[in-house]
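Student: Have a look at the structure that comes next, please.
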There are 2 protein chains.
Amino acid sequence: MSHISSEETFKQILDLHHQLLSTFERCTGISASRMQVLFHVYHSKEISQTALKKLVGIDHAAITRHLKQLEGENMVIRRTSPEDNRFTLVKLSENGRQQIETLNKEREQFLNQMQLGFGEQELKQLSAMLQRIKHNLVQL
Amino acid sequence: MSHISSEETFKQILDLHHQLLSTFERCTGISASRMQVLFHVYHSKEISQTALKKLVGIDHAAITRHLKQLEGENMVIRRTSPEDNRFTLVKLSENGRQQIETLNKEREQFLNQMQLGFGEQELKQLSAMLQRIKHNLVQL
DNA sequence: TATCAATGTTTGATGAATCAAACATTGATA
DNA sequence: TATCAATGTTTGATTCATCAAACATTGATA
């Protein structure tokens, strides 16, 4: 039945989301969004918090909280931009640079296992379907 | 690139999850999990909290919290089972029965819009893919 | 020079889930 | 009858995100 089917899809996405996050954290020892923050800081050398918010896709307040905690754990260094004091710039600390190697490997392992058995075509197809659902929601 | 692709899928699921929950709440005025609780209570006439936890797929502590709030809003009635005092049974209140009609319509509308343009075959295919990803995670 | 709108960040509050511990109840067992 | 393991529920604490408000900074404008 069509209704059961769409409810099923909805539940599956919610459930998968939960599985993804908890499995990611179990495998890497760090939450997915915090890893995403570190990942982008690593790739950007130095980046502003507002740019991070756009890349990671979470609220600026959450970005600040994550970074302050990572700063406290000596993973990143933050400084106010001399060019514009509104901007807080972030880069990996020495300790952070050392730990990012392991974290990236674990992250990659997780992502590889997640898509195991999927061909490029299937991933594109899945991506397209998820995009269509998102587009449908915009109409509401 | 394969790695970019799998990261993309991951981000898409996280993003879609967020869009689904916030759009659902905007359309119905109630959170998705709370609606799920009401939906199952409605369909079961009377049900235990522990059965609800299994159907809705969230923690027993969260179930208790949702139900106590719904009880406070006069949506449900809870009682200890005379057969076994460990079980708390839940059913819709009179007020709840009246409101569930509207909520169900809004929920159905949301689900119909979510899957607009999807054929049965495509939904099955999407479902299968999400299932495969979940299965992959179990291996970690 | 003072004022204004916009931007970026920080902090408090809130909602929802999980985790853990505490408590009550049940049925089995010695 | 007392003890035990298992089950169900409740509550406190925690995590993470969003929302809102407050604050600092910037560049434009009068």
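Just so you know, all these numbers are worked out from the coordinates, no wet-lab data involved. All values derive from a computational prediction rather than experimental measurement. As a convention, Cβ positions derive from the backbone with ideal geometry for all residues, glycine included, and neighbour counts pool all protein chains shown.
Student: Could you work out how far helix B:32-44 tilts from the main Cα principal axis of chain B, as a 0 to 90 degree angle to the nearest 10?
Tutor: The angle comes out at about 50 degrees.
Student: Shortest first and in nm with one decimal, please list how far the B:Gln139 label point sits from its counterparts in the other copies (point 7 Å along Cα→Cβ).
Tutor: From this label point to the equivalent ones elsewhere in the assembly: 3.7 nm.
Student: Would you list, by chain and number, the lysines whose Cα falls below 26 Å from the Cα of B:Lys11, excluding same-chain residues fewer than 8 positions away?
Tutor: Excluding near neighbours in sequence, the set is A:Lys11, A:Lys45, A:Lys53, A:Lys54, A:Lys68, A:Lys91, A:Lys105, A:Lys124, A:Lys134, B:Lys124, B:Lys134.
Student: Once you sort the root eigenvalues of the Cα gyration tensor of the range A:22-140 as a ≥ b ≥ c, which label holds: rounded (a/c under 1.5), prolate (a/b larger than b/c) or oblate (the other case)?
Tutor: Working: a/c = 2.46, a/b = 1.43, b/c = 1.72.
It is oblate, given that a/c is not under 1.5 and a/b is not larger than b/c.
Student: Return one number: the angle in degrees, 0 to 90 and rounded to the nearest 10, between the long axis of the Cα atoms of helix A:120-138 and the longest principal axis of the Cα atoms of chain A.
Tutor: The angle comes out near 90 degrees.
Student: Under the convention of a label 7 Å out along Cα→Cβ, give the distances in nm from B:Gly117 to the same position in every other copy, shortest first.
Tutor: Label-point distances to the other copies, shortest first: 2.9 nm.
Student: Between A:His18 and the same site in the other copies, what are the distances in nm, shortest first, taking label points 7 Å from Cα along the C-beta direction?
Tutor: Spacings between copies for this position, smallest first, are 2.0 nm.
Student: Taking the Cα centre of the range B:15-138 as the origin, how large is its charge dipole in debye, to the nearest 20, when only Lys and Arg (+1) and Asp and Glu (-1) carry charge on their Cβ atoms?
Tutor: Details: 17 positive and 14 negative charges, 64 e Å.
The dipole magnitude comes to about 300 debye.
Student: Test of understanding: ordering A:Arg26, B:Arg34 by Cβ neighbours within 10 Å, fewest first, what list do you get? Mind dumping the intermediate values first?
Tutor: Details: A:Arg26 11, B:Arg34 20.
In increasing order of surrounding Cβ atoms, one gets A:Arg26, B:Arg34.
Student: Look at the axis of the rotation that sends chain A onto chain B, then give the chain A residue with the nearest Cβ and the distance in whole Å.
Tutor: Per the Cβ-to-axis criterion, the result reads A:His17, 2.
Student: Follow-up question, since we're still on this one. Under a plain spin-label model, where a point goes 7 Å from the Cα along Cα-to-Cβ, how far apart in nm are A:Arg65 and B:Ser93?
Tutor: 3.2
Student: With every atom except the alpha carbons ignored, what do you get for Rg and Dmax of the protein assembly as shown, in angstroms?
Tutor: 21.8, 72
Student: Please compute the net charge surrounding B:Met75, taking Lys and Arg as +1 and Asp and Glu as -1 over other residues with Cβ under 12 Å from its Cβ. Before the final figure, lay out the partial values.
Tutor: Working: positive: B:Arg34, B:Lys68, B:Arg78, B:Lys91, B:Arg97; negative: B:Glu71, B:Glu73, B:Glu94.
Result for the local shell: +2.
Student: Mind pulling the angle between the C-alpha long axis of helix A:94-114 and the longest principal axis of chain A? Nearest 10 degrees, somewhere in 0 to 90.
Tutor: 10
Student: Based solely on its DSSP helices, what 222 nm [θ] is calculated for chain A when runs of n ≥ 4 H residues each add -39,500 (n - 2.57) and the sum is averaged over all residues, nearest 500 deg cm²/dmol? Please report the intermediate quantities before stating the final value.
Tutor: Values: 6 runs with 101 residues, N = 140.
Value at 222 nm, helices only, nearest 500: -24000 deg cm²/dmol.
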